[in-house]
Amino acid sequence: MPSLRLLRFLTNYLGLRSTAMRHDVRGNVTHNCSRTKQEVVRERLLKMFTFSLTFVRHGETQYNREKLLQGQGVDTLLSETGVQQAEAAGQYLKDIVFTKVFVSNLQRAVQTAEIILRNNTHCSGMEMVLEPLLRERGFGVAEGRHKEYLKNMANAAGQSCRDYTPPGGETLDQVKLRFKKFLKALFKQMLDEHLSSGPGASSGASASGDVAQGTAAVASDTPPRCSADDGLQDVLVHTLVVSHGAYIRVAIWHLVEDLNCALPAGAKMQQVFSPCPNTGISRFILTLSESESGPVLSAARCVFTNRKDHLENLTDGQ
């Protein structure tokens, strides 16, 4: 049962203001509006669901090493270094009980996810969902060519390399649309699976966590302790997504800029939106609620982005 402190917080958060008791002419209490609103808050709390969303970029491929663009048309396996990176990421995340795993259906992402799951204490052998919506950004005629080729094309067009779309490639808005479609389906699946059983269903977080935790964490001056379970305290459901560098960068941009995701205290925007290294890890805590039109994102916070602590002991860098 949610604590009174949390209920008071949610009363303000949901825009519900307590009102005084009503009295009749004899001074008798006729209706306790404040108690009624607390019951509404409890009902809404039971319809809220919090889960973690952890992104991992695939390990290095030979094309990455040679700075060649892969996009969707070049579908290669990991290099030896990439396998080591995936093993390191798997060891780093080994104690996290992932309940859902979604993976781009390109080989480099699938191989990375397989290695991560094989190293996981709880999820070894877990079935993963191959999701085409998580594929890398398409780079059209630039796929298979050196990054300098794309840079030169962008310069000739008077655009930045990130914003430029080569002939036959995907625009950033098209990539974002794919991510939005994935999020919409994910949100619906989360609520259908965890709230469909009624009041007894899991809320995905304990009473001391969920929305209140999300807002308090941003205001904290405590430096991050850089642990694999950062942000997961009191969160019961964990989703893993294994995808690609350009795609994850667009996803993070959408979560932060479009969905107003709260950032960690002291976070620098340059680092938040920086390119994700091979097997770089990013994590978000999302709280959903039900509405007549479908799932609604009620609160979101970023725990960290592009973390690569697990790569420090690798002899061959990234």
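The values are calculated or read from the model by the stated rules, or taken from the named source; none is laboratory data. Everything numeric in this text was worked out from a predicted model, so none of it was measured. Counting neighbours? That spans all protein chains shown, and the Cβs are built from the backbone with ideal geometry, glycine included. Keep in mind that these areas ignore ligands, DNA and RNA; they rest on the heavy atoms of the full protein, side chains included. Shrake-Rupley method; radii C 1.70, N 1.55, O 1.52, S 1.80 Å.
Given their separation in residues at 0.36 nm each and the Cα-Cα distance between them, VAL83 and ASP258 gain 59.6 nm when the chain is fully extended. The lysines within cross-link reach of LYS181, meaning a Cα-to-Cα straight distance under 19 Å and a gap of 8 or more places when in the same chain, are LYS100.
How big is D, in µm² s⁻¹, for region 78-140 by Stokes-Einstein at 20 °C and 1.002 mPa s if Rh is the Kirkwood radius over C-alpha pairs? Estimated via Stokes-Einstein, D reaches 177 µm²/s. Eigen-decomposition of the gyration tensor built on the alpha-carbon atoms of region 230-310 gives equivalent ellipsoid semi-axes of 22, 14, 13 angstrom, largest listed first.
For ASP173, the accessible surface of its heavy atoms amounts to roughly 110 Å² (probe 1.4 Å, protein chains only, rounded to the nearest 10).
At a Förster distance of 35 Å, what's the computed FRET efficiency of GLN91 paired with MET269, Cβ-Cβ distance as r, to 0.05?
0.70
Of the whole protein surface, GLU87 contributes about 60 Å² of accessible area at a 1.4 Å probe radius. Counting only protein heavy atoms and using a 1.4 Å probe, the accessible area of LEU259 comes to about 60 Å².
Computed from the Cα positions only, the extents of region 130-178 along the three principal axes stand at 36, 21, 14 Å, in decreasing order.
Remark: the ASP192-ASP309 segment gains 38.6 nm on full extension, using 0.36 nm per residue and subtracting the alpha carbon distance. Taking max minus min of the alpha-carbon positions on each principal axis, region 53-201 gives extents of 60, 35, 20 Å, largest first.
The distance between label points at LYS181 and ASP163 comes to 2.6 nm (points 7 Å beyond Cα on the Cα→Cβ vector). With both labels modelled 7 Å from their Cα along Cα-to-Cβ, the CYS226 to ASN105 distance reads 3.9 nm. For the peptides 61-69, 250-258, the ranking by packing is 250-258, 61-69, with the highest mean count of neighbouring Cβ atoms within 10 Å listed first. From the alpha carbon centroid of region 153-197 to that of region 240-277 is 13 Å.
Using the beta-carbon distance between THR171 and SER291 and R0 = 35 Å, what value does 1/(1 + (r/R0)^6) give for FRET efficiency, to the nearest 0.05? That pair, THR171 with SER291, gives E of 0.70.
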